[in-house]
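The values are calculated or read from the model by the stated rules, or taken from the named source; none is laboratory data. Quick caveat, the model's predicted, so the values are computed rather than measured. Cβ sites come from the backbone with ideal geometry, for glycine too, and all protein chains shown count toward neighbours. When the accessible area is computed, the model is the full protein with side chains, heavy atoms only, and any ligands, DNA or RNA have been set aside. Shrake-Rupley method; radii C 1.70, N 1.55, O 1.52, S 1.80 Å.
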Amino acid sequence: MRITAAVLHEPGRPLTIEEVELAAPREDEVLVRVAAAGVCHSDIRLADGELGDGRWPMVMGHEGAGVVEEVGAAATHVAPGDRVGFCIVPACRECAACRAGRVHLCVPAGENSLRGVLMDGTSRLSLPDGAPLQHALMTACFAERAVVSAASAVPLPQELPLWQAALLGCGVVTAFGAVRNAAGVAPGESAAVIGCGGVGLQVVAALRLEGASPIVALDLDARKLELATERGATHTVEAGSATTAARVARLTDGGADHAFEVVGRPETMRLAWNCVRPGGTAIVVGLAPRGVDVSLPAIDFLSDRGIRGSYYGSGDAAADLPHLAELVLSGELDLAGVVTSIEPLEAVNDALDRLRRGEGARTVLVVDPELAGAAGSTAPAGAA
Ligand SMILES: [Zn+2]
Ligand SMILES: [Zn+2]
């Protein structure tokens with residue numbers, strides 16, 4: 001079928017909104033009518049070619065939600081009409097990583113994701129002339145419809161508006177998993193969060209729900225620090241000066257138990273390291289361009305400090321998504337408040353440019369206003 005989609009033809013160039021071909025779902029796949037999609041910082045890394053060569057042409061978009069339209073014969077966990085959020089790691093449940101419980105590191109999912117294909121190693125997307133198109137992170141949801149591996153379509157409660165559900169599958173699961181699975185934050189432990197964009201704000205929210213205290217939020221942008229305070233940050237620090245880490249140390253009685261880097265730059269990774277107390281751990285959530293190194297003063301290892309990465313929540317995202325949706329429905333987790341812009345798919349390049357400039361938290365692209373829910377009538381947080 002013909003669908004409208006946002007296509008990356010060449011890194012560093014604007015995406016083009018154009019008609020592409022989408023083939024029917026195969027046996028273990030589903031066709032989803034996309035309601036809404038979030039614009040994530042990783043989209044910039046991909047669009048600017050910073051994650052390596054060979055990732056284009058590609059239909060972009062990896063954080064989204066929609067309604068199932070058609071299922072392959074082996075896709076029995078969802079039916080047409082079900083509301084689903086996308087999970088970017090459709091774990092095979094059979095490889096060494098999956099068997100060890102690290103399904104976010106599923107080996108075939110990682111390899112296929114890098115090649116821009118689905119789990120059977122092929123693409124359902126092509127240009128009108130037949131040239132193959134890649135699926136961004138096995139999702140490709142900056143489009144009217146998406147064919148995804150069955151395990152990428154996670155059923156969500158009907159009551160959750162899809163413009164909010166769209167955020168769960170990347171930003172929210174990444175943030176909550178970093179706090180719960182990677183860091184294992186315990187009640188009363190202190191934390192610093194460096195970078196308060198779409199994911200950083202959810203890290204703050206997760207820390208509040210886990211009972212962390214104090215929670216120190218750092219950013220260059222005062223408006224994002226306000227949003228962090230609304231999500232549960234007990235203190236805020238305008239970052240960017242030579243005394244930033246010392247201010248965090250004062251607020252956390254000598255350094256934070258956990259410091260989360262949610263930017264993806266070597267300077268902020270080093271800042272996270274500098275913000276943790278002896279024995280504490282820095283957790284790098286931010287995605288850095290390929291080829292970038294980070295250096296640490298080696299003498300600091302004497303202080304028993306640790307640093308680790310966290311990818312996609314370091315857990316089982318497909319299992320976590322319904323629980324995160326319940327947190328939203330129960331009022332414990334506010335998603336609407338981190339959405340600073342709601343725009344049509346055609347505005348995708350403006351949204352990417354705002355992220356490049358560090359403006360705003362999350363943009364939601366509404367692909368189908370009727371399916372997406374009340375987005376059009378809800379004032380985004382940045383509009384006041
Ligand atoms: Zn993302
Ligand atoms: Zn696997």
Looking across the range 224-246 at residues that are among the β-branched types (V, I, T) and assigned to a helix (DSSP H, G or I), the single one that is surrounded by the most Cβ atoms within 10 Å (Cβ to Cβ) is T244
Residue tally, condition under 19 Å from the mean Cα position of the chain (by Cα) and part of a helix (DSSP H, G or I), over the range 97-110: 5
Run P161 past the list (1) touching a residue at least 60 places away in the same chain (Cβ under 8 Å); (2) buried (at least 24 other Cβ atoms within 10 Å of the Cβ); (3) not basic (K, R) and report the number of the one that doesn't hold. (2)
Which residues, counting only those in the range 46-80, are aliphatic (A, V, I, L, M), in a loop (DSSP other than H, G, I, E, B) and in contact with a Gly (Cβ under 9 Å, 6 or more places away or on another chain)? none
Restricting attention to the range 55-94, which residues are within 15 Å of A325 (Cβ to Cβ) and within 16 Å of ligand 1 (Cβ to nearest atom)? E63, G64, A65, G85, F86, C87
Are any residues in the range 105-125 buried (at least 18 other Cβ atoms within 10 Å of the Cβ) and either more than 27 Å from L22 (Cβ to Cβ) or near ligand 2 (Cβ under 9 Å from one of its atoms) (or both), and if so, which ones? L105, C106, A109
Within the range 95-111, residues being away from ligand 1 (no atom under 16 Å from the Cβ) and either within 25 Å of R55 (Cβ to Cβ) or not small (G, A, S) (or both) number 11
Quick count over the range 199-223, residues being open to solvent by 20 Å² or more (accessible area, probe 1.4 Å) and assigned to a helix (DSSP H, G or I), is 6
Residues being assigned to a helix (DSSP H, G or I) and over 23 Å from P155 (Cα atoms): count how many of those fall in the range 113-136. 2
Out of the residues in the range 73-96 that are within 14 Å of ligand 2 (Cβ to nearest atom) and within 21 Å of the chain's Cα centre (by Cα), state the one that is most open to solvent (accessible area, probe 1.4 Å). C92
Search the range 354-376 for residues being assigned to a helix (DSSP H, G or I) and touching a helix residue (DSSP H, G or I) at 6+ places or on another chain (Cβ under 8 Å), and hand back the single one that is surrounded by the most Cβ atoms within 10 Å (Cβ to Cβ). A372
Residues of the range 252-270 being on the phi > 0 side of the Ramachandran plot and touching a helix residue (DSSP H, G or I) at 6+ places or on another chain (Cβ under 9 Å), which ones? G255, G264
Tell me, which residue of the range 310-342 that is in a strand (DSSP E or B) and β-branched (V, I, T) is surrounded by the most Cβ atoms within 10 Å (Cβ to Cβ)? V339
Looking at the range 307-353 only, could you name the residues that are charged (D, E, K, R) and out of contact with any helix residue (DSSP H, G or I) (no Cβ under 8 Å at 6 or more places or on another chain)? E326, E346, D350, D353
